[in-house]
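Student: Okay, handing you the structure first.
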Amino acid sequence: MIAIAKYTFLSHFRNRIFLVLILFGFILLAASLLLGLLSQEQELRMLIDLGLVAIEKLTLLTSVFLMVNLLLEEMESKTIYLVLTRAVSRGEYLLGRFLGTLLSTFVCVLIMVSAHLILLVLKGWQFEEGLLYFLSIFTSFEKVFLISSLALFFSIFSSSNIVALTFTFFFWVLGHFALELKFLIQSVQNEFLKFFINIFYHLIPHFQYLNARDLWTLFSDRWLSLTIQGTLYTLSYSALAFGLALFVFKKKEF
Amino acid sequence: MKDPIIQTFELSKVYKKSHLWKSKTTVGLSQVNLTIGKQEIFGLLGQNGAGKTTALKLILGLLFPTQGSIHLFDRKMPDRASIQKTGFVPEVPYFPKYLTVKEVLYFYGALSGVSNSDLKSRSSEILQLMKMEEHQNKRVRECSKGMLQRLSLAQSLIHNPSLLVLDEPITGLDPLGLNEMRDLIARLNAQGKTILFSSHILAEVERIAHRVGILVDGKLVKVLEAKDWSSKSGALEEIYIDTVRQYGVTDSL
Amino acid sequence: MRCISPLLFLTFLVVFLSNQITNNLKYSFPPLTELILDSGKDLSTLLFGMRRLGADMAWISVLQYYGAAEAEEKEGTEFGSGNYPSLKKLTLRTVRLDPSLHYATLYGAGALAFNLNRPEEAIEILQEGISRHPQYWKFQLYLGAILYKQKGKFDSMIHLLEDAIKYPDCPTLIKSILANIYKENGNTLRSLQIWIEVYEGKDESYREKSSQQIEELKKKLKINI
C-alpha cells in the first residue's frame with residue numbers, strides 16, 4: 001500500500017499538478033491589488049477570506065479531478081492489470097491510491113498556505129485570530145478529504161468521468177445546504193415525507209459543520225470539541241464512502 | 001500429474017450484458033478442466049474469441065468464474081501466496097507514464113514483496129538480462145514499443161516467480177525478436193519456471209511448447225503433447241485446423 | 001454479510017455523529033428565505049460554501065454604492081449625504097450573509113443615522129445585529145447614540161460616540177460623523193483632533209477629505225501645525 005501511495009504521489013507531481021499552485025499565486029496577487037483599492041478598512045479580512053476560499057476550491061478541484069480520473073484512467077489504459085495480478089489486495093490498492101492522491105493535495109495546500117501567509121504578513125497581519133486561520137485550513141482539508149472519498153466511490157460505481165464529477169459536485173452543493181434541508185423538515189407536515197427527508201438529511205455530508213470560519217464567531221470557546229466532533233464525522237463518513245467504493249471495486253472484473 | 005501448478009475444475013465463465021430490459025449472455029469459457037505441471041511450457045491456442053484471454057484472466061484473478069474453481073500451487077484461488085509466485089505479461093504492455101524504467105521495476109518489485117535491500121540488485125540483474133541498462137532512467141512515455149515489451153517481461157520477472165503467464169508474447173515480434181523470446185522462454189524454463197502462454201503463431205508454438213491446449217468456442221476440445229506434432233514440421237497447424245473445423249465455426253475470413 | 005456489517009456499522013456511526021453535531025450546534029445564520037439575494041451571485045456563493053466571501057463581495061457593493069455620486073447630486077454636496085435609497089437593503093444583504101461582519105452593521109447604521117438622517121432604518125439594522133449577536137455590545141452603544149440623537153440629547157449621544165471611536169474596529173465613517181457633529185456645534189478643536197486621527201488612520205479613502213477638513217479647521221483656529 002505504501003509503494004502504491006508513494007508512486008501515486010510521484011505520478012501526480014510529474015503530471016504537473018503544481019500548475020494549480022501557479023494559478024493560486026496569480027489569484028492572490030490580483031486579489032491583493034484589487035482589494036486594496038476597493039475594500040477600505042476591511043482589506044485584511046477580504047484577503048484572508050479570498051485566500052482561504054481559493055485554497056479550498058483549488059484543493060477541491062485538484063483532488064476531485066485526480067480522484068475521479070485515477071482509477072478510470074488505469075482501468076481504461078489497463079495499467080491496473082499489472083497491479084491486480086500481484087499479491088496486492090484490492091483494498092490495499094484502493095487505499096494506496098486514495099492516500100497518495102490526498103498526500104499530493106496536502107502538499108499543494110501547504111505550499112499555498114505558505115504563499116498566503118507571506119502575503120498576509122506583508123500586508124500587516126499580526127496573526128490576530130491565528131488559531132481560526134489554521135482551523136479553517138484544517139477543516140477545509142477535511143471537507144476535501146470527505147468529498148474525495150465520495151468522488152472515488154462515484155468513479156468506481158459509475159465508470160464514467162462525467163457522471164462521477166456531476167455526482168461529486170452535486171453532493172458538494174448538497175452538503176452546504178444540509179441546514180436548509182433541516183429547516184424544510186421542520187416545515188413539512190406529512191410524517192412519512194418528514195421521515196424520509198430526515199434520513200436523507202443525515203446521509204448527506206454536512207459541510208457547513210466543517211466550516212470553522214463561519215462557526216468561530218459563535219462558538220470560539222468550544223472550538224476543541226467541535227474540531228474533534230468534525231474530525232470524527234469526517235473520518236467516519238470517508239470510511240463509509242471508501243467502504244462502499246471497495247465493496248463495488250471488489251466485484252469489478254477486468 | 002505430479003506437482004500440478006495450475007488446475008482448473010469445470011471452469012466456466014459467462015458474460016452477461018444488460019441493456020434496459022434486455023440481457024445478452026456470451027459464453028467465454030465452458031467447463032474447462034486443465035492441469036499444467038511443474039516446469040511445463042503450455043501453449044493455449046484458439047481462434048479470436050475462443051476464450052484464451054478469458055482463461056488467463058480467470059487464472060490470474062482479473063475475472064471471477066461463473067462456475068468451477070481454479071487451483072494454483074495446489075491452493076484454491078483467490079490465494080495471495082500463489083499470486084505472489086506468479087508473473088504476468090499482458091498482450092499489450094501499459095505502464096504509468098510518469099515513471100522511469102527503473103522506477104517501474106522498483107514499483108512492481110515492491111508490490112510483489114521484494115525487499116528494499118534486494119530491489120536494487122534484482123532490478124540490475126533484470127535490466128541486464130533484458131538489455132535495458134542504458135534506458136533505465138528513461139520515462140515510460142519516451143520508450144519505444146520494443147522497449148515496452150522488454151520492460152513488460154522485466155516486470156514479470158522482478159520477483160523471480162515460479163509461474164509465468166504470457167498473453168500473446170510472440171505477436172508482432174520480428175525474426176530477431178522471435179529468436180530472443182524463444183531463447184528466453186527456454187532459459188527461464190531451464191531455471192525451473194512453469195510457463196503458460198497463449199498464441200496464434202503455431203510455427204513458434206510447436207518449437208517451444210511441451211504441451212498445447214486448443215480452445216474452440218470456450219471449450220477445451222483437445223490437449224496435445226509434443227510427440228503428437230513433432231513427427232513433421234507444420235503438423236501442429238494441420239491438427240489445429242482440423243480440430244477447429246471439427247468443433248466450431250471459424251470466422252477468420 | 002462479512003462485507004455488509006462494517007458498512008452498516010459505519011452508516012449508523014455517521015448518522016449518530018450527524019445527530020450529535022446537529023443537536024450540539026445552533027447554526028445561527030439566517031435561513032435562505034430571509035436572505036436578500038442579488039440574482040445568482042449570492043446563491044452561487046452559498047451553493048459552493050463561500051458564504052463569508054459572498055458577504056465580503058456584498059460589502060464591496062455597499063462601498064461602491066455609497067461611495068459613488070448619485071445622478072442628481074449637485075457640486076458641493078456634503079460628503080456622505082444624498083438619497084441612497086438602497087443603502088439599508090444592501091447593508092442587510094451583507095450582514096444576513098455574514099452576521100459576524102459587524103463592521104458593515106456599524107457602518108451602514110452610522111451612515112443612515114448621521115449622514116442620511118434616516119435613524120429608523122439605522123435602528124432596524126442595529127436591532128437585527130443585536131438579535132443575532134447580543135454579546136457584541138458595540139451595537140447597543142451605537143443604538144444608544146442614535147436614540148439620543150432622535151430625542152435631541154446630543155451630549156449623551158456624543159459621549160457614546162466618543163466611546164465607540166476608541167476601539168480599533170470603529171469604522172472611519174463614525175469618526176468623520178463625530179468630527180462633523182463637533183464642527184457643527186462649534187467644538188472646532190475636538191473636530192480637528194478627530195480629523196487628524198482619521199488622516200493618520202489606515203483608510204486611504206478618507207485621506208483627501210480629512211486633509212481638506214484639517215486645513216479648514218486650522219484656518220478657523222488660526223494655528224499652524
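The values are calculated or read from the model by the stated rules, or taken from the named source; none is laboratory data. All of these numbers come straight from a predicted model, not from anything done at the bench. Glycine gets a Cβ as well: all are built from the backbone with ideal geometry, and neighbour counts include every protein chain shown.
Student: How do the pairs read when you match residues in the range B:187-202 that are of a type in the set (Phe, Trp, Tyr) with residues anywhere that are modelled with pLDDT under 90, using Cβ under 7 Å and keeping only pairs 6 or more apart or on different chains?
Tutor: B:PHE197/B:PRO169
Student: Would it be correct to say that A:PHE26 is under 25 Å from A:SER238 (Cβ atoms) and away from chain B (no Cβ under 14 Å)?
Tutor: no
Student: If you don't mind, another one. Among the candidates B:LYS120, B:LYS97, B:LYS131, single out the residue that is away from chain A (no Cβ under 13 Å), part of a loop (DSSP other than H, G, I, E, B) and over 20 Å from the mean Cα position of the chain (by Cα).
Tutor: Only one candidate passes the filter, namely B:LYS131.
Student: Identify the residue in the range C:208-225 that is among the basic types (Lys, Arg) and surrounded by 13 or more Cβ atoms within 10 Å (Cβ to Cβ) and, among all such residues, is nearest to the other protein chains (Cβ to nearest Cβ).
Tutor: Looking at residues that are among the basic types (Lys, Arg) and surrounded by 13 or more Cβ atoms within 10 Å (Cβ to Cβ), I get C:LYS209.
Student: Considering only residues that are under 27 Å from B:SER199 (Cβ atoms) and surrounded by fewer than 20 Cβ atoms within 10 Å (Cβ to Cβ), which ones fall in the range B:86-113?
Tutor: Across the range B:86-113, the qualifying residues are B:GLU91, B:VAL92, B:TYR94.
Student: Return the residue satisfying two criteria in turn: it lies in the range C:189-207 and is surrounded by 16 or more Cβ atoms within 10 Å (Cβ to Cβ) and under 15 Å from C:ILE158 (Cβ atoms), and of such residues it is farthest from the chain's Cα centre (by Cα).
Tutor: The qualifying residue farthest from the chain's Cα centre (by Cα) is C:ARG190.
Student: Restricting to the range C:163-204, and then to whatever is of a type in the set (Gly, Ala, Ser) and within 14 Å of chain A (Cβ to nearest Cβ), can you tell me which residue is farthest from C:GLY110 (Cα to Cα)?
Tutor: Once the filter is applied, the top-ranked residue is C:GLY201.
Student: Same structure again: Only one of C:LYS183, C:LYS153, C:LYS175, C:LYS149 is farther than 30 Å from A:ILE48 by Cβ and surrounded by 20 or more Cβ atoms within 10 Å (Cβ to Cβ); which?
Tutor: Matching residue, one of C:LYS183, C:LYS153, C:LYS175, C:LYS149: C:LYS149.
Student: Then there is this: Do we have C:LEU25 as surrounded by 14 or more Cβ atoms within 10 Å (Cβ to Cβ), modelled with pLDDT of 80 or more and under 27 Å from A:LEU132 (Cα atoms) here?
Tutor: no
Student: Please return the ranges of helices (runs of 4 or more DSSP H) entirely within the range A:137-219 where 3 or more residues are more than 10 Å from every other protein chain (Cβ to nearest Cβ) and in contact with a Phe, Trp or Tyr (Cβ under 7 Å, 6 or more places away or on another chain).
Tutor: Filter on the range A:137-219 gives A:161-176.
Student: Also: Where residues in the range C:42-56 are more than 7 Å from chain A (Cβ to nearest Cβ) and modelled with pLDDT of 85 or more, which of them is nearest to the chain's Cα centre (by Cα)?
Tutor: Restricting to residues being more than 7 Å from chain A (Cβ to nearest Cβ) and modelled with pLDDT of 85 or more, the top hit is C:ALA55.
Student: Still on this structure, I have one more. Starting from the range C:110-122, take each residue that is at negative phi and modelled with pLDDT under 90 and list its partners that are among the small types (Gly, Ala, Ser) and not in a helix (DSSP H, G or I), counting only C-beta distances under 6 angstrom and pairs at least six apart or across chains.
Tutor: Once the first residue is at negative phi and modelled with pLDDT under 90 and sits in the range C:110-122, its partners that are among the small types (Gly, Ala, Ser) and not in a helix (DSSP H, G or I) give C:ASN115/C:GLY80; C:ASN115/C:SER81.
Student: If you don't mind, there's one more thing I want to ask. Would you call A:MET67 within 28 Å of B:TYR106 (Cβ to Cβ) and either assigned to a helix (DSSP H, G or I) or within 14 Å of chain B (Cβ to nearest Cβ) (or both)?
Tutor: yes
Student: Can you pull out the residues in the range A:113-168 that are among the aromatic types (Phe, Trp, Tyr), at negative phi and out of contact with any Asp or Glu (no Cβ under 9 Å at 6 or more places or on another chain)?
Tutor: A:TRP125, A:TYR133, A:PHE134, A:PHE138, A:PHE145, A:PHE153, A:PHE154, A:PHE157, A:PHE167
Student: Got a sec? Which of B:ARG245, B:ARG182 is loosely packed, with under 12 Cβ neighbours inside 10 Å, among the basic types (Lys, Arg) and modelled with pLDDT of 85 or more?
Tutor: Exactly one of B:ARG245, B:ARG182 is loosely packed, with under 12 Cβ neighbours inside 10 Å, among the basic types (Lys, Arg) and modelled with pLDDT of 85 or more, namely B:ARG245.
Student: Also, quick follow-up: Among the residues of the range C:102-139, write down those that are over 19 Å from C:LYS175 (Cβ atoms), more than 13 Å from the chain's Cα centre (by Cα), polar (S, T, N, Q) and in a helix (DSSP H, G or I).
Tutor: Selection gives C:SER131 alone.
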